[in-house]
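I have placed the structure first, in the form of C-alpha cells, so that the comments after it can refer back to it.
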Amino acid sequence: MHSEQIVPIHEQTLDVGANPGRRKILALVIASAFLPPLVNAASSIPTGTAGQKFMALSLFATGRSKLDPEIGTKLFAGLLESDASFVDAANSLAADAASQKYADVESLEAAIRGTPKHATLLALIAAWYTGTVSVQGKPRVITLGDALMYQPIADGSRIPGNCAGATNAWAQLPYPALADMPRL
C-alpha cells in the first residue's frame with residue numbers, strides 16, 4: 001500500500017530543474033512583442049548622404065556650429081516616419097542652403113514661404129528646438145534635456161518637469177513647532 005504524506009507548504013520545495021527553458025520561452029514571448037518596432041526603428045536610421053545632408057541642413061537651419069549627430073539621427077528617423085516626402089524636400093532645402101544664395105535661414109525661409117518646402121523647414125527647426133516630432137498626429141519625444149530651446153536658460157534655470165532638488169526643495173521651510181520655540 002502506498003501512502004502519501006502531507007507536507008506543509010512552507011516545507012515544500014520547488015523543482016526548478018524540471019523545466020529550465022520555460023522561463024526563457026516566457027521571456028522570449030514577452031520580448032517578441034517589442035521586436036517589430038525595434039527592427040523598424042533600426043531600418044529607418046539614416047546612413048550615407050541622406051543623413052549627412054540632414055545634418056548640414058540642420059546646422060544651417062538652427063544657426064549652430066555643432067549639433068549632436070545621435071539626436072539628429074533620431075529626429076531624422078522620426079521626421080521620415082511622419083512624412084514620407086520629407087527626404088525629397090529636405091534634400092532640396094539642403095541644396096538651397098549649400099548653394100550659398102542665402103546668407104542665413106531667415107533669408108531662405110522668406111524665399112520658400114508659400115511652398116511645400118516651407119513646412120519641411122519649419123518641421124525640422126521645431127524638431128530640433130522642442131526635441132519632439134509629430135508622428136501620425138501624436139508627439140514623440142526624442143530628447144528633453146538636449147532640446148535647443150532649453151540651452152539659453154541652462155545656466156540658471158531648470159527644464160520644466162525636471163526636479164531641482166529634494167522633495168519640496170522649492171518651497172519655504174515651515175515655521176518651527178510651538179514646542180520648539182524659546183521661552184521668554
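The values are calculated or read from the model by the stated rules, or taken from the named source; none is laboratory data. Fair warning: this is a prediction, and the values are worked out from it, not measured in the lab. Virtual Cβ from ideal backbone geometry, glycine too; neighbours counted across all protein chains shown.
For (1) at pLDDT 90 or above; (2) polar (S, T, N, Q), each residue gets a yes or a no:
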position: Ala119; (1), (2): yes, no
position: Ala123; (1), (2): yes, no
position: Ser134; (1), (2): yes, yes
position: Leu148; (1), (2): yes, no
position: Pro152; (1), (2): no, no
position: Pro160; (1), (2): no, no
position: Gly165; (1), (2): no, no
| field | Residues of the range 115-160 that turn out to be part of a helix (DSSP H, G or I) and charged (D, E, K, R), as a count | value | 1
| field | Check on Leu79, crowded, with 18+ Cβ neighbours inside 10 Å and touching a strand residue (DSSP E or B) at 6+ places or on another chain (Cβ under 8 Å) | value | yes
| remark: The one condition Ser32 fails out of (1) under 21 Å from Val133 (Cα atoms); (2) modelled with pLDDT under 90; (3) of a type in the set (S, T, N, Q); (4) more than 19 Å from the chain's Cα centre (by Cα) is (1)
| query | Given the structure, is Lys101 of a type outside the set (Gly, Ala, Ser) and surrounded by 17 or more Cβ atoms within 10 Å (Cβ to Cβ)? | reply | no
| Residue identified as more than 24 Å from Lys53 (Cα to Cα) and at pLDDT 90 or above among Lys101, Lys138 | Lys138
